[in-house]
Amino acid sequence: DEAWRNGNPAKLSDLSDESDYLRYAALNNAGLKAALEQWKMAVEQVPQARALPDPQMQYGYFTRQSDMQMNQMVSFMQMFPWFGKIDARTEAAVKSAEAAYQMYQSARLELFREVKEGFYEYAYLAKAIEIAMENLELLKHLEEVVRTKYTTTAAGQPDMIRAQMELAKLEYVLRSVEQLRKPTVSKLNKALTLPEDTNLPWPKVEPFEAAPLEYDRLVSMLRRKNPELAGLGSEAMAARSRIELAKKNFYPDIGVGVEWTEFERSGGMSGRDSVAVMFQMNLPLWRDSYSASERQAQAAAMSIEQEKTNTENTLLTKAAQSYYDYNDSIRRIRLYRDSLIPKAEELLRTSETAYLAGTIDFLSLIDSQRLLLEYNLSYHRALADNRQKLAELEMLVGSEL
């Protein structure tokens, strides 16, 4: 825990679970760090927008004096934007900073989805290898069953050959699955910002019970909490503030200042220094330019509103598909766990007994073994799919479910 707080997490090990991977990614992912710096940049715009223009100072020295015998002059002038300009400018900067924060949150959720997807794909691969190895041992056992019958001349040479062929095929499948480890780890390394050739240990997966989710609740959460939508909402408010700022351009900025002039006091002259209060303003004459600026700001606001509507529709479409896939994975999990796998195990046991008794042929025995292998792999595929779809839904709704 101390390592995590100091931003220097310990290395991932075979005891590391999903939360360890997420924390590691949050502290190390380069893309998330870039989004964080973008947010910091936007925050620093706020004090700049709130500030007045720098005051102006002028200094003059009279190299050739007039009859007024003036030596030098100093003036200061501070410009003040028209009423409401600073407020509109500041509000636009604040909302842009809020949008940048939401984009950071969106990048964080997307990163977590990517890590979870890679984590559970890696966990499925580990389970697929384990199942393949178990089936390899099972086939070796079936080969011994055939060999026993063959030595007693109850089984023919073809059964022995078929058993050896099935063993060779399963050994090939096992090697192929093992070769998937490198590309699977490579995707996970990218999310964790680890070197591409880092060999991560097999992940630790906690027991997980899939539960149905309410679609209406998901839609409500998506509209309220999705950071991408929230970011576009903040951008829309910033755009409206820029419209107000553009309207203020039709009014002048006002300057107030003071000027001090020193007069010559030598040669019997006793002129007094002068102090003048000055007033200055710009003249907003080029109104076509200001009108164009206002129309530009309005178009930008409308563009953001339309983008927000389009994004919301796209997210709702993704949520609907992910919701279906999530519930479909639950149905598959229950089908394989509660029905198909127990029946396939029973079928294999009875088939082995029947084969030894000579009531079925070897192909039927092999088919029952293949069926058990297929159902076991499909069950763990459904588990991985369920967790990956849950991660996708969590990214869409902006919250853990």
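The values are calculated or read from the model by the stated rules, or taken from the named source; none is laboratory data. Please read all numbers here as calculations on a predicted model, not as lab measurements. Here the Cβ is made from the backbone with ideal geometry for all residues, glycine too, and neighbour counts use every protein chain on show. Please note that ligands, DNA and RNA were not included when accessible areas were found on the heavy atoms of the full protein model with its side chains. Shrake-Rupley method; radii C 1.70, N 1.55, O 1.52, S 1.80 Å.
Some points to look at:
- Positive-end extreme of charge dipole, segment 74-182 - chosen from Thr148, Ala97, Ala163 (charges on Cβ): Ala97
- Angstrom value of the Kirkwood radius, inverse mean 1/r, which spans all Cα pairs in segment 187-296: 22.9
- Selection among Ala51, Thr198, Leu348 by position relative to the dipole of the chain gives Ala51 as farthest towards the positive end (Cβ unit charges, Cα centre).
- Within straight-line cross-link reach of Lys343, lysines at Cα separation under 24 Å, skipping those fewer than 8 residues along the same chain: Lys127, Lys140
- In loop segments of segment 214-248 as defined by DSSP, the GluC sites (Glu not before Pro) with at most 14 further C-beta atoms inside 10 Å of their C-beta are Glu214.
- Gyration tensor (alpha-carbon) shape descriptor, segment 133-213, a/c threshold 1.5: prolate
- Approximate spin-label separation Lys187-Ile129, in nm, with each point projected 7 Å along Cα-to-Cβ: 1.7
- The GluC sites (Glu not before Pro) found in segment 315-401 that occupy coil by DSSP, while having at most 10 further C-beta atoms within 10 Å, are Glu400.
- For a modelled paramagnetic label at Leu36, 7 Å from Cα along Cα-to-Cβ, the residues of segment 191-230 in reach, with backbone nitrogen under 20 Å, are 191-195, 227-228.
- Summary: within the chain, the longest segment free of chymotrypsin sites (Phe, Trp or Tyr not before Pro) located in DSSP loops with at most 11 other C-beta atoms within 10 Å is 84-285.
- For segment 322-396, the Cα-based Rg and Dmax, in that order, read 16.5, 57 Å.
- Long pairs among Lys33/Lys318; Lys11/Lys95; Lys225/Lys248; Lys116/Lys308, criterion Cα-Cα beyond 29 Å: Lys11/Lys95; Lys225/Lys248
- For Glu44 and Tyr215, the FRET efficiency from 1/(1 + (r/R0)^6), where r spans their Cβ atoms and R0 equals 56 Å, is about 0.85.
- The stretch between Asp288 and Ser378 holds 25.6 nm of extra length on full extension. This uses 0.36 nm per residue minus the Cα-Cα distance.
- Projected over every direction and averaged, the convex hull enclosing the alpha-carbon atoms of segment 181-230 yields 6.0 nm².
- Counted without the sites themselves, the longest stretch of the chain free of trypsin sites (Lys or Arg not before Pro) in a DSSP loop having at most 12 other beta carbon atoms within 10 Å is 65-271.
- Using the Cβ-Cβ distance between Leu316 and Met165 with R0 = 60 Å, the FRET efficiency computed as 1/(1 + (r/R0)^6) comes to roughly 0.70.
- Distance in nm between pseudo-label sites at Gln69 and Lys225 (7 Å out along the Cβ direction from Cα): 8.2
- Rough spin-label spacing in nm, given labels placed 7 Å along Cα→Cβ, for Ser274 and Glu345: 10.5
- Rg ratio for segment 34-175: its Cα radius of gyration over 2.2 N^0.38 Å, N being its residue count, equals 2.82.
- Charge tally for Tyr120 (other residues, Cβ to Cβ under 9 Å; Lys, Arg +1; Asp, Glu -1): -2.
- Segment 184-202 and segment 40-85 have Cα centres lying 57 Å from one another.
- For the chain, the spread of Cα positions along each principal axis, largest first, Å: 142, 42, 33
- Remark: segment 341-380 carries 52 Å² of accessible area per residue (probe radius 1.4 Å; ligands, DNA and RNA excluded).
- Residues listed by number, segment 74-115, amide nitrogen under 18 Å from Gln58 label point at 7 Å toward C-beta: 74-80
- Carbon and sulfur %, accessible surface of the chain computed with the full protein complex present, 1.4 Å: 54
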